[in-house]
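Asks: Just dropping this structure here.
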């Protein structure tokens, strides 16, 4: 049981350390004309359709199963993504900074 308790404690500490940066990204409103991370239905075809329906363009050669980057110069892109079926829209520029990239 002792080993199990140490594992749980390690997981709690790891999640606590990651909570701040994740909340900073999740709480940031995407900037107009900037890069956004679109989280939505599984599969790039469904997500690309959501992005195009909102008037945007998918970005990047590869995308994760539930997320992908997109951009649009039109104002209100994040709201249109939500209306088109995106589950979550995050500030992609801010996420890139956390990952050590500059956009």
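Asks: Residue pairs, Cβ under 6 Å, 6 or more apart or interchain, first in the range 69-89 and in contact (Cβ under 8 Å) with a residue 24 or more places away in the chain, second surrounded by fewer than 18 Cβ atoms within 10 Å (Cβ to Cβ) and part of a helix (DSSP H, G or I). List them.
Replies: From the range 69-89, the pairs are 84/53.
Asks: Can you go through 86, 32 and tell me which one is at pLDDT 80 or above, surrounded by 12 or more Cβ atoms within 10 Å (Cβ to Cβ) and not in a strand (DSSP E or B)?
Replies: Details: 32 fails: at pLDDT 80 or above.
So the residue among 86, 32 that is at pLDDT 80 or above, surrounded by 12 or more Cβ atoms within 10 Å (Cβ to Cβ) and not in a strand (DSSP E or B) is 86.
Asks: Can you find even one residue in the range 13-27 that is modelled with pLDDT of 80 or more and more than 14 Å from the chain's Cα centre (by Cα)? Outline the logic, then answer.
Replies: Within the range 13-27, the subset modelled with pLDDT of 80 or more is 13.
Pick out the ones that are also more than 14 Å from the chain's Cα centre (by Cα) and you get 13.
Yes, the conditions are met somewhere in the range 13-27.
Asks: Separate question: How many residues are closer than 13 Å to residue 33 by Cα, assigned to a loop (DSSP other than H, G, I, E, B) and either within 15 Å of the chain's Cα centre (by Cα) or modelled with pLDDT under 90 (or both) when one looks only at the range 47-75?
Replies: Result for the range 47-75: 3.
The values are calculated or read from the model by the stated rules, or taken from the named source; none is laboratory data. Remember, predicted model here, so these are calculated numbers, not experimental data. Don't worry about glycine lacking a Cβ; one is built from the backbone with ideal geometry, like all the others, and counts go over all protein chains shown.
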